[in-house]
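Have a look at the structure below, then the notes.
The values are calculated or read from the model by the stated rules, or taken from the named source; none is laboratory data. These numbers come from a predicted model, not from an experiment. Cβ placement follows ideal geometry from the backbone for every residue including glycine, while neighbour counts extend to all protein chains displayed. Calculation scope for accessible area: heavy atoms of the full protein, side chains included, ligands and nucleic acids excluded. Shrake-Rupley method; radii C 1.70, N 1.55, O 1.52, S 1.80 Å.
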Amino acid sequence: MFAVCAVAIFCLVSVSHSIPLVCEKLVHPLKSLAPHHLEGRWALVAGSLNHAPSMDALRQRDSITMYFSNSSEPSTVSYTQINRFGNHCQHLHYNVSMDRSSLTFDVGNRFDLTGSFLYTSCPDCLVMRWVVKSSRRHSVDLYLLSRRREVESREMEEFRAQLKCYQLPVPVVADPTKELCPEHPQS
């Protein structure tokens with residue numbers, strides 16, 4: 001038996017299934033991601049988390065820049081996240097094991113951080129899904145990254161639809177006028 005959903009984006013759905021058909025495409029991890037596609041600078045455009053204190057912390061950042069670079073080992077990439085708080089830049093560096101489009105971050109046994117890349121129709125974007133587990137926190141995070149500081153409205157709407165599929169709150173959207181930090185700390 002089938003029912004028609006009230007919201008046009010969520011098409012025809014089987015009554016026995018709770019995930020709308022459009023979500024199957026939007027939440028499914030990519031089968032693979034070419035490492036050379038990852039390399040370089042990415043700006044956080046928007047993000048959402050189901051952990052309220054972490055969502056508040058995300059709002060405190062003026063900008064977030066992420067750099068990926070290949071390492072000498074084919075299954076490992078170097079990841080640097082740079083958070084800007086006013087005039088202060090916080091550089092966080094991690095080695096990341098990569099298996100097709102799945103990531104495992106080496107965070108020194110402080111917590112478990114795994115991730116995957118999800119579908120996006122945006123040609124110069126990444127959608128990253130993180131799962132964070134620790135004794136104090138279990139959260140699912142979704143981040144929209146781009147080579148640009150802003151994306152087209154249809155690209156943002158697609159990301160918002162992904163958030164709905166994961167039942168995540170309205171995203172924090174980065175202010176594209178805020179300066180990004182440099183890749184390397186200033187001496």
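Which net charge results for the neighbourhood of residue 147, defined as the other residues with beta-carbon distances under 10 angstrom from its beta-carbon, given Lys and Arg at +1 and Asp and Glu at -1? Net of charged neighbours comes to +2. Annotation: amide H-H contacts under 5 Å for residue 62 (H modelled 1.01 Å from N, sequence separation of 5 or more, or interchain): 84, 85, 86.
Computed over the chain, the alpha-carbon pair-distance distribution with 10 angstrom bins reads 9, 34, 37, 15, 4, 1, 0, each value a whole percent. Positive-end ranking of 87, 53, 172 along the dipole of the chain, with charges on Cβ about the Cα centre, is headed by 53.
How large is the helix-only mean residue ellipticity at 222 nm for the chain, computed as the sum of -39500 (n - 2.57) over DSSP H runs with n ≥ 4, divided by its residue count, in deg cm²/dmol to the nearest 500?
Values: 4 runs with 32 residues, N = 187.
Mean residue ellipticity at 222 nm (helix-derived): -4500 deg cm²/dmol.
Charge dipole of the chain (Cα centre as origin; +1 on each Lys and Arg Cβ, -1 on each Asp and Glu Cβ, all else neutral): 320 debye, rounded to the nearest 20.
Roughly to the nearest percent, how much of the accessible area of the chain is carbon and sulfur, given a 1.4 Å probe? Ligands and nucleic acids excluded, carbon and sulfur give 52 percent. Computed from backbone phi, the HN-Hα couplings of region 86-92 come to x, 9, 9, 10, 9, 9, 10 Hz, rounded to whole numbers (Karplus: 6.51 cos²θ - 1.76 cosθ + 1.60, θ = phi - 60°; Gly and Pro given as x). The convex hull around the C-alpha trace of region 18-89, projected and averaged over every direction, spans 7.2 square nanometres. Sequence-ordered 3J(HN,Hα) estimates for region 107-117 from the Karplus curve with 6.51, -1.76 and 1.60 and θ = phi - 60° stand at 10, x, 6, 6, 6, 9, 9, 10, x, 8, 9 Hz, glycine and proline given as x.
For region 99-155, the normalised intensity computed at q = 0.19, 0.25, 0.30 Å⁻¹ comes to -0.74, -0.99, -1.20 (log10 of I(q)/I(0), Debye sum over alpha carbons, equal scatterers, no solvent). In order along region 34-48, the phi-based Karplus estimate (6.51 cos²θ - 1.76 cosθ + 1.60, θ = phi - 60°) of 3J(HN,Hα) comes to 5, x, 5, 5, 6, 4, x, 8, 10, 9, 6, 9, 7, x, 8 Hz; Gly and Pro are listed as x.
For the pair region 118-187 and region 86-108, the centres of their Cα atoms are 15 angstrom apart.
Under 5 Å from the amide H of residue 30 lie the amide H atoms of 117, 118, 119, each residue being 5 or more positions distant or on a separate chain, with H modelled from the backbone and absent for Pro and chain starts. Positive contributions from Lys and Arg (+1) and negative ones from Asp and Glu (-1), summed over other residues with Cβ under 13 Å from the Cβ of residue 53, come out at +1. Relative to the longest principal axis of the Cα atoms of the chain, the long axis of helix 153-165 lies at roughly 70 degrees. Looking at region 41-187, the accessible area is 52 square angstrom per residue; that uses a 1.4 Å probe and ignores ligands, DNA and RNA.
Between residue 97 and residue 50, the FRET efficiency from the beta-carbon distance, with R0 = 30 Å, is close to 0.75.
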